[in-house]
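Here the structure comes first, spelled out in structure tokens, and everything after it is commentary.
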Amino acid sequence: MDIQLSVILPVYNEGQNISLLHERLSKICTDLSVSYELIFINDGSRDNSMALIRDLAKKDSKVKYINFSRNFGHQIAVMAGLDHAVGQAITIIDADLQDPPELIRDLWNKMNEGYEVVYAKRRSRAGENFLKKYTAKLFYRILKRITSVNIPVDTGDFRIINRKIADILKQMPEQHKFLRGQIAWIGFRQTYIEYARDERNAGKTGYTYRKMLRFALDGITSFSNVPLKFATFAGFFVSGISFILILYALYSRFITKDYVPGWTSIMISLLFLGGVQLISIGIIGEYISRMSGNIRKRPLYIIGESNVEMDRKD
Ligand code: UDP
Ligand code: MG
């Protein structure tokens with residue numbers, strides 16, 4: 001039977017949420033009266049998530065799972081889901097019930113009005129600390145300013161996409177995934193609906209600040225060259241100022257002969273130049289490290305076990 005809707009669920013230490021998640025998703029999919037599959041990607045959880053998913057799969061044939069050999073990260077987990085989903089439409093949703101499963105109905109209905117992508121935009125976010133909310137807001141706005149791709153602000157990966165978009169995503173070879181940017185880049189007809197993001201049902205976030213920073217840098221380096229231009233600009237700007245200072249130094253030394261052992265000016269220019277150079281090298285380094293990742297062409301993820309027939313992949 002053809003599957004109409006695949007639901008992709010990246011899971012990292014969500015043991016306390018899995019059964020409620022399964023219940024709410026099954027209900028909404030049944031209500032929609034679509035043929036569906038629920039694809040759980042266990043991204044190296046350290047809790048009992050995998051055991052729970054395996055149990056679900058025994059009871060419910062709609063439950064598919066992919067168990068990674070270790071933690072590869074949220075975006076890669078979603079990618080593995082896309083690689084194995086067979087549905088005509090695919091929805092990506094967090095496993096901690098922050099994205100209400102019931103919204104899938106609205107996403108589905110909106111898509112059927114004739115869109116390739118319907119994303120869910122966060123009107124509000126409950127139960128997240130000030131720093132997380134504020135840094136996320138700032139990040140989306142900076143990204144918007146420095147990229148020419150129209151990446152929607154305040155939008156995560158909670159969305160529905162159709163088969164065409166999923167197949168294109170699978171063709172995009174980059175190793176550092178920033179799916180919400182890649183989907184915006186693809187184009188076609190995209191729209192959104194707004195929702196109030198709930199609090200996490202149980203457990204705690206798997207996105208540490210470290211992971212968030214890496215993710216933000218992936219987004220920026222994949223969709224903007226402005227930081228590289230900034231490095232060049234800063235270089236020219238500082239060189240210009242330095243040139244004037246050099247003229248001034250020569251003038252004082254040879255014309256007015258009014259010079260003092262200039263410890264202060266040397267220190268200032270040294271530190272300033274050193275700072276600008278390090279920033280520029282750092283920016284270049286961020287791009288180069290990602291380029292080398294792409295050149296290595298390692299597989300994105302390693303599957304330990306799965307109940308998805310692998311030959312369905314292509
Ligand atoms: N997640 C994952 N791998 C990770 C971190 C998170 O698969 O390394 C999953 C997690 O289980 C959840 C989704 O990605 O389903 C969003 O993560 P989380 O809720 O921890 O992030 P937040 O909502 O706090 O940004
Ligand atoms: Mg969450």
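The values are calculated or read from the model by the stated rules, or taken from the named source; none is laboratory data. Because the structure is predicted, anything quoted here is derived from the model rather than measured. Cβ sites come from the backbone with ideal geometry, for glycine too, and all protein chains shown count toward neighbours. Areas reflect the complete protein model, heavy atoms only, side chains present, ligands, DNA and RNA absent. Shrake-Rupley method; radii C 1.70, N 1.55, O 1.52, S 1.80 Å.
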Considering each residue of the stretch 44-62, count those that are within 16 Å of ligand 1 (Cβ to nearest atom) and at negative phi, and give that number.
10
Which of (1) within 16 Å of Y119 (Cα to Cα); (2) within 14 Å of ligand 2 (Cβ to nearest atom); (3) not hydroxyl-bearing (S, T, Y) does E199 not meet, given it meets every other one?
(1)
Identify, by number, the condition in (1) touching a residue at least 40 places away in the same chain (Cβ under 8 Å); (2) away from ligand 1 (no atom under 16 Å from the Cβ) that I41 doesn't meet.
(2)
List the residue pairs whose Cβ atoms are under 6 Å apart, where the first residue sits in the stretch 168-192 and is under 19 Å from A136 (Cα atoms), the second is β-branched (V, I, T) and assigned to a loop (DSSP other than H, G, I, E, B), and the two are 6 or more positions apart or on different chains.
G181/I151; A184/V149; A184/I151
Out of the stretch 153-175, which residues are of a type in the set (A, V, I, L, M) and crowded, with 21+ Cβ neighbours inside 10 Å?
I160, I161, I165, A166
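Okay, residues lined up against (1) assigned to a helix (DSSP H, G or I); (2) in contact (Cβ under 8 Å) with a residue 60 or more places away in the chain:
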position: R54; (1), (2): yes, no
position: R70; (1), (2): no, yes
position: V78; (1), (2): yes, yes
position: D83; (1), (2): yes, yes
position: D96; (1), (2): no, yes
position: P100; (1), (2): no, yes
position: R105; (1), (2): yes, yes
Name every residue in the stretch 176-213 that is surrounded by fewer than 13 Cβ atoms within 10 Å (Cβ to Cβ), in a helix (DSSP H, G or I) and within 12 Å of ligand 1 (Cβ to nearest atom), in order of residue number.
Y209, R210
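Scan P227, P173 and give me the residue that is touching a helix residue (DSSP H, G or I) at 6+ places or on another chain (Cβ under 8 Å) and either under 16 Å from I146 (Cα atoms) or within 16 Å of ligand 1 (Cβ to nearest atom) (or both).
Sole residue among the options that is touching a helix residue (DSSP H, G or I) at 6+ places or on another chain (Cβ under 8 Å) and either under 16 Å from I146 (Cα atoms) or within 16 Å of ligand 1 (Cβ to nearest atom) (or both): P227.
Of everything in the stretch 35-87, what is within 18 Å of L300 (Cβ to Cβ) and charged (D, E, K, R)? Give them in sequence order.
Result: D43, R70, D83.
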Hits in the stretch 1-23 (condition: in a helix (DSSP H, G or I) and open to solvent by less than 20 Å² (accessible area, probe 1.4 Å))
I18, L21
Would you check if there is a residue in the stretch 110-133 being under 21 Å from I220 (Cα atoms), open to solvent by 60 Å² or more (accessible area, probe 1.4 Å) and more than 16 Å from ligand 2 (Cβ to nearest atom)?
no
Search result, residues across the stretch 24-55 that are within 20 Å of G87 (Cα to Cα) and open to solvent by 10 Å² or more (accessible area, probe 1.4 Å)
R24, S26, K27, T30, D31, L32, S33, V34, S35, Y36
Would you point out which residue out of V118, V149, V153 is farther than 19 Å from K211 by Cβ, assigned to a loop (DSSP other than H, G, I, E, B) and more than 16 Å from ligand 1 (Cβ to nearest atom)?
V149
Do we find a residue being farther than 24 Å from P299 by Cβ and either β-branched (V, I, T) or more than 16 Å from ligand 2 (Cβ to nearest atom) (or both) anywhere in the stretch 167-182?
no
